[in-house]
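Each remark here refers to the structure printed beneath this line.
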Amino acid sequence: MDAFFTKFFPNVVPRMPEFYACVIQTFQMLFISGGISFVLSLLIGITLVVTKRGGILQNLIIFNILDKIINAFRSIPFVILVAALIPVTRALVGTAVGTIGTIFPLIVGITPFFSRQLESAFSEVSPGLVESAVTMGMGPFEIIFRVYLREGISSVARATTITVVNLMGLTAIVGIVGGGGLGDFAIRYGYQRNMLDATYAVVILLMIFISIIELLGSIIVEQTTHE
Amino acid sequence: MPEAILIQLEDVEKEFQTNETTNQVLKKINLEITQKDIFGIIGYSGAGKSTLVRCINGIEEITAGKVLVKGKDISALSKPELRTLRKKMGMIFQLFNLMPSRTVFGNVELPLKNSGLSKAEREARVRELLVLVGLSDKEKEYPAQLSGGQKQRVAIARALANNPEVLLCDEATSALDPQTTKAILKLLRELNQKLGITIVLITHEMSVVKEICHKVAIIDKGVILEQGDVFSVFSNPQKALTKSFIETTSNLKKVDELLRENSEIVALEPGQILIKIQYQDKHVSEALISAISKKFGIDANIISGDIEIIDEYPLGGLVAILDGEQEQLTEAITFLESKQIKVEVLKDGRVFH
C-alpha cells in the first residue's frame with residue numbers, strides 16, 4: 001500500500017502531516033462557516049417567504065431590502081469579495097489571514113446563495129397547506145415552525161447539499177488569503193511547484209467528500225419524503 | 001323554536017386590486033345561515049364562491065359590508081380573537097391540504113397543539129375523531145398512502161378537532177368520484193345530525209346540493225341570484241342560471257330534444273296527448289298516475305321520469321303519453337292541477353270538434 005502511494009503520489013507522501021492539516025482546515029472552514037450560514041440563511045429564507053406578496057406576514061419593505069442586498073452580494077465574484085472584505089474581517093476577528101480569517105468572508109460569500117436556495121425550498125411548500133394552517137387558527141410563528149420548516153425539510157436538505165458543494169469550492173478559493181485547506185495545498189504544490197500528483201490527490205479526496213455529502217443529502221431527502 | 005342565526009353577511013363586497021384594474025368579486029352579498037343548516041352555495045368557477053366562503057372565516061378581508069358570526073362583526077376582531085374564532089370554524093378543501101410529512105394521526109392532532117390539552121387528552125381526542133370518520137385503522141399511514149375519499153375523511157377529522165360550530169367546505173367533493181362523493185356527503189349529513197354542526201358547502205355540482213343541502217344560494221359574477229330552501233328553489237326556479245343548474249341533473253329536458261327530432265318515442269296516435277307533470281309543492285307522494293288511470297279510464301305510457309327526494313319530499317316529474325276519451329283527458333289534467341301538480345301539454349293529438 002505504502003509503495004503504491006509513494007509511486008503515484010511522490011510529492012504528497014513526504015508532506016502527509018501538512019496534507020492532514022489541510023484536510024482539517026478545509027473541514028473547519030466548511031463546518032464553521034456552513035453552520036453559521038445555515039442559521040442565518042434559514043432566518044433570511046423564511047423572512048423572504050413570509051414577507052413577500054401574499055405571505056403570512058407580508059411586508060414588502062423588508063422583502064425588497066433583503067432581496068436587493070442578496071442580489072447585490074451575489075453579483076460580486078467571490079475572489080473580489082474576499083479582497084474587498086479584508087478591512088471588515090480584520091476589524092471583526094482581528095486578522096484577515098489564516099483559517100480564522102476565512103470564516104467571515106466565507107459566510108458573506110455563501111449566505112446570499114444559501115438564502116436564495118432556502119427561499120425557493122420554502123416556496124415549494126404548497127400554499128394550500130399554509131392556508132389550511134391559517135384556517136386552523138395557527139399564528140405566524142406556529143405556521144413557520146409547524147408548516148414551513150416541517151414540510152420544507154426535504155427541500156431544505158436538497159438546498160443544503162447544493163450549497164455545501166458550492167461552499168467546498170469557495171474554501172478552495174480562500175487559500176489565496178492564506179486560509180490554508182486543500183485548495184491552498186493544491187495551488188501551492190500542484191500548480192506553483194508543478195507537482196501534479198498533489199493536485200490529483202486533492203481532486204480525488206474532494207470527489208470522495210462531495211460524494212459522501214450528496215449521499216447524506218439524498219438519504220435525508222428520502223427519509224423525509226412520504227410520497 | 002326556530003334555530004338562531006349563526007352567520008350573517010350584510011352587503012358584503014370584495015374587490016381585488018391589480019395594478020390598474022379593480023376586480024369586483026363579490027357585490028352586495030346578503031346571506032343568513034341558521035344554526036344546524038346545511039347551506040349550499042352553488043356557482044360556476046369564477047363566480048366568487050370560494051372568495052365568499054373565505055370571507056366567513058376572515059381569510060379574505062372584505063372591502064365593504066359586514067360579516068357577523070353569532071352577531072359579532074369579525075372585521076372588528078383582533079388577530080388573536082380571529083384565530084380563536086377560526087378554531088371554532090373548521091374548513092375542508094378540494095385538494096384536502098393534508099400535511100404530507102405527518103401521519104394521519106399527526107394531521108388530526110395538529111390543530112390540537114397549543115390548545116392546552118395534555119398529550120394523553122390529545123391522543124384520546126384524535127382516536128375519537130378517527131372513529132367518527134371511520135379511519136381508526138389508518139392512524140399510522142401517511143396521506144400519500146390514502147385514497148381521495150380517505151384523505152377527505154382525515155381532513156374532516158382534522159377540521160372537527162376543536163369542536164367547531166361550523167364546517168366550511170370548499171369544493172370538498174370536486175376531486176372525488178361519484179361514489180366517494182356520495183360517501184363523503186353521507187358522512188357530512190351524519191355529522192350535521194349527530195353533532196348539530198352547521199355546514200356551509202361551496203360547489204359547482206347541483207347533485208351535491210340536491211343530496212344534502214337544506215338551503216341553497218345561487219351565485220353568479222359575484223351576485224346572489226336566488227336563495228331559499230332547496231325544495232322551493234328547485235321546484236320553482238326564477239332565474240335562467242338556476243334553471244340551467246337544475247337541468248344539469250334532470251333528464252326531463254331530454255323530451256324536448258326528442259320532440260325536436262320527431263322521435264318515434266313521442267309520436268302520438270290521434271286522441272293521445274304527451275304531457276309533462278312536475279311536483280311544485282312539498283307533496284306527500286301519492287299514486288297520481290294510477291289514480292287518473294282508474295278515475296278517468298286513461299292509459300298512461302310513461303316515457304321518462306325524474307323524481308328525487310329532496311329535503312324529504314319528492315321533486316321532479318314525469319313525461320307520459322296519455323290515451324283516453326277526450327273529456328276524460330281534460331278532466332284528468334284538471335284533477336292533477338288541483339293536486340298542485342304543474343301540467344304541461346307538450347304535444348296534443350286531440351281533435352277538437
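Peptide B:78-84 shows a mean partner chain C-beta count of 2 within 10 Å per residue C-beta.
For the chain pair A and B, the buried solvent-accessible surface (1.4 Å probe, both sides summed) amounts to about 2000 Å².
Evaluated with a Cβ-only charge set (Lys, Arg +1; Asp, Glu -1), region B:126-179 carries a dipole of roughly 180 debye about its Cα centre, given to the nearest 20. With +1 on each Lys and Arg Cβ and -1 on each Asp and Glu Cβ, how big is the dipole of the protein assembly as shown about its Cα centre, in debye rounded to the nearest 20? So the magnitude is around 2420 debye.
Placing unit charges on C-beta atoms (Lys and Arg positive, Asp and Glu negative, everything else neutral), compute the dipole magnitude of chain A about its Cα centre in debye, rounded to 20.
580 debye
Summary of packing: across the peptides A:132-139, A:216-223, A:202-209, the per-residue average of other C-beta atoms within 10 Å ranks them, highest first, as A:132-139, A:202-209, A:216-223. Normalised per residue, the accessible area of region B:73-149 is 47 Å², obtained with a 1.4 Å probe and no contribution from ligands, DNA or RNA. Take region A:45-134 with all the other protein chains still there, run a 1.4 Å probe, and you get 46 Å² of accessible area per residue. Counts of other chain beta carbons within 10 angstrom of each beta carbon in peptide A:121-134 average 4.
Descending by average beta-carbon neighbour count within 10 Å, the peptides A:162-172, A:72-82 line up as A:162-172, A:72-82, the highest first.
Any residues in region A:181-227 that have 30 Å² or more less accessible area with all protein chains than in their chain alone, probe 1.4 Å, and which are they? At a threshold of 30 Å² (probe 1.4 Å), the residues of region A:181-227 that become less exposed are A:226, A:227. Interface burial in region B:96-122 reaches 40 Å² or more for B:97, B:99, B:100, B:101, B:102, B:110, B:114, comparing the full protein assembly with the chain by itself; accessible area from heavy atoms with a 1.4 Å probe.
Ranked from largest to smallest solvent-accessible area, with a 1.4 Å probe on the protein heavy atoms, A:8, B:105 come out as A:8, B:105.
With a Förster radius of 35 Å applied to the beta-carbon distance between residue A:32 and residue A:3, the computed FRET efficiency rounds to 0.40. For the protein assembly as shown, the carbon plus sulfur part of the accessible surface works out to 57%, probe radius 1.4 Å.
Each peptide in B:54-60, B:247-253, A:118-124 gets a packing score, the mean of other Cβ atoms within 10 Å over its residues, and the list from highest to lowest is B:54-60, A:118-124, B:247-253. With the whole protein complex present, residue A:158 retains an accessible surface near 110 Å², based on a 1.4 Å probe. Within region B:119-166, report the trypsin sites (Lys or Arg not before Pro) that DSSP leaves as loop and that have at most 10 other Cβ atoms within 10 Å. Of the trypsin sites (Lys or Arg not before Pro), the ones in loops of region B:119-166 whose Cβ has at most 10 other Cβ atoms within 10 Å are B:140. In region A:138-168, burial by the other protein chains removes 40 Å² or more of 1.4 Å probe accessible surface, compared with the chain on its own, from A:146, A:150, A:151. Take each residue in A:48-61, count the other chain C-beta atoms within 10 Å of its C-beta, and the mean is 0.
The values are calculated or read from the model by the stated rules, or taken from the named source; none is laboratory data. These numbers come from a predicted model, not from an experiment. Reconstructed Cβ throughout: ideal geometry from the backbone, glycine too, with neighbour counts over all protein chains shown. Just the protein is used for accessible areas: all its heavy atoms, side chains included, with ligands, DNA and RNA removed. Shrake-Rupley method; radii C 1.70, N 1.55, O 1.52, S 1.80 Å.
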